[in-house]
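Structure record follows, encoded as structure tokens.
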Amino acid sequence: MIYNFKSDYLEGAHPSILQLLEATNLTQQEGYGYDEYSKKAKDLIKRLCNAEGEVFFVCGGTFANLVSIAHFLRPYEAVVCADTAHIATHEAGAIEASGHKLITVKNREGKIFPDDIKRVLKYFKDEHRVKPAMVYVSNATEFGTVYSEDEMMQLGEFCKENNLLFYVDGARIGNAAAYLGYRDFGFVSKYCDAFYIGATKNGGLIGEAIVINNDKLAVDFRYSIKQRGGLLAKGRLLAVQFLGLFEDNLYFKLAERANKMAKKMADAISNLGFEFYIQPQTNLLFPIFPLKFAKKLNEYYGFYIIDEFDDKCVVRLVTSWASKEEYVDKFTEDLKSLLEVCD
């Protein structure tokens with residue numbers, strides 16, 4: 001049997017979520033998000049954001065990004081993002097298919113900063129080119145690195161000063177919060193126009209919660225969700241999951257556990273003398289292994305080899321809220337044994 005460290009959505013849902021879905025299953029509710037669970041979940045999320053923004057539930061991260069960007073921007077407006085951004089590398093061109101160009105800038109450990117955006121604005125400054133209108137970041141990033149609250153504030157202030165929208169992909173916002181020691185979303189919410197809270201990668205079956213802090217952007221947003229096929233008749237199914245995830249801080253506890261498993265794995269990898277392409281912060285690890293060694297290890301554990309150079313490679317390992325500690329321990333034991341054989 002191969003134990004998989006490819007991603008953090010390989011398991012189903014936390015048992016308490018399934019229990020809550022079953023417990024509420026036969027209760028009749030209004031459709032399309034007008035149910036009592038949606039109202040309760042939205043009120044709870046607003047409290048966790050320390051804001052009064054509008055909340056919308058959708059089924060997945062790619063859809064959250066697509067519908068938000070398509071709704072917020074005019075046809076000639078573009079998005080500034082890192083060259084490693086999810087919208088630029090893993091969404092089949094969804095944003096550009098909606099008519100909005102992505103202006104990518106070189107990432108620094110997965111991040112971008114005001115100076116990077118400033119250089120873009122100097123070049124894209126008239127009607128002969130697209131107009132930069134939004135800055136997109138992920139927190140945590142695609143490399144598992146985390147924007148601090150101060151970095152979020154700097155980006156938010158820069159965007160306001162330059163009339164840019166600031167949008168945050170929160171697929172792994174729980175892992176970012178856990179790394180920073182927070183159990184709410186204020187460290188992101190107070191600085192951006194909109195962001196989403198991901199459940200798919202942190203204990204939910206499916207679902208993300210889009211939070212729009214800018215009142216103008218929230219106008220008629222349900223029309224855009226409906227037009228793009230994302231307004232679920234049984235919207236209660238998404239809301240119930242968020243109610244369960246935020247009961248007794250479960251959402252943050254699950255993210256903390258995923259980070260803890262990654263740290264345990266990272267410490268073992270480091271103790272064996274291996275270096276990291278990016279220093280670990282959350283639940284994504286990028287160790288550098290000899291290529292032959294990595295390919296042999298890949299026979300026993302699922303992971304991605306994301307880059308190769310000379311006789312080495314960069315590997316991506318991901319722990320989840322449900323990663324079994326016994327397999328994390330076994331991975332490190334097998335790593336050591338294989339290293340001795342290879343030596």
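The values are calculated or read from the model by the stated rules, or taken from the named source; none is laboratory data. Here the structure is a predicted model, which means the values were calculated and not measured. Here the Cβ positions follow ideal geometry from the backbone for every residue, glycine too, while neighbour counts run over all protein chains shown. Heads up: the accessible areas ignore ligands, DNA and RNA and are worked out on the full protein's heavy atoms, side chains in. Shrake-Rupley method; radii C 1.70, N 1.55, O 1.52, S 1.80 Å.
Exposure check, 1.4 Å probe, all protein chains in place: residue 222 carries approximately 70 Å² of accessible surface. Overall, the range 186-343 carries a charge dipole of about 780 debye about its Cα centre when +1 sits on the Cβ of Lys and Arg and -1 on the Cβ of Asp and Glu, all other atoms neutral. When only the Cβ of Lys, Arg, Asp and Glu is charged (+1, +1, -1, -1), the dipole of the chain relative to its Cα centre reaches about 600 debye. Considering only 214, 317, 270, and ranking their Cα positions along the charge dipole of the chain that arises from unit charges at the beta-carbon of Lys, Arg, Asp and Glu, the one farthest toward the positive end is 214. Can you tell me how the range 176-224 classifies by the Cα gyration tensor, rounded, prolate or oblate, using a/c under 1.5 as the rounded cut? Verdict is oblate for the range 176-224. Computed with a 1.4 Å probe on the full set of protein chains, the accessible area for residue 22 sits at about 140 Å².
According to the square roots a ≥ b ≥ c of the eigenvalues of the Cα gyration tensor, what is the shape class of the chain, taking rounded for a/c under 1.5, prolate for a/b larger than b/c otherwise, and oblate for the remainder? Taking the square roots of the gyration eigenvalues as a ≥ b ≥ c, the chain is oblate. Between residue 272 and residue 10, what FRET efficiency follows from the Cβ-Cβ distance if R0 is 25 Å, with the result rounded to 0.05? The formula returns an efficiency of 0.50 here. Over the chain, dividing the summed -39,500 (n - 2.57) contributions of all DSSP H runs of at least 4 residues by the number of residues returns a 222 nm mean residue ellipticity of -12500 deg cm²/dmol. Of 219, 341, 58, the residue with the largest accessible area leads and the full order is 341, 219, 58 (1.4 Å probe).
Under a Gaussian network description of the chain, with springs only between Cα atoms under 10 Å, the residue in 83, 184, 115 that fluctuates furthest is 115. First check a/c for the range 168-258, with a ≥ b ≥ c the square roots of the eigenvalues of its C-alpha gyration tensor; if it is under 1.5, answer rounded, and if not, answer prolate when a/b is larger than b/c or oblate otherwise. Since a/c reaches 1.5 but b/c is at least a/b, the shape of the range 168-258 is classed as oblate. Of the residues 285, 58, 14, the one whose Cα sits farthest towards the positive end of the charge dipole of the chain is 58 (charges of +1 on Lys and Arg Cβ, -1 on Asp and Glu Cβ, taken about the Cα centre). DSSP finds beta bridges in the range 28-159, and of those with both partners inside it, around 10 percent are antiparallel.
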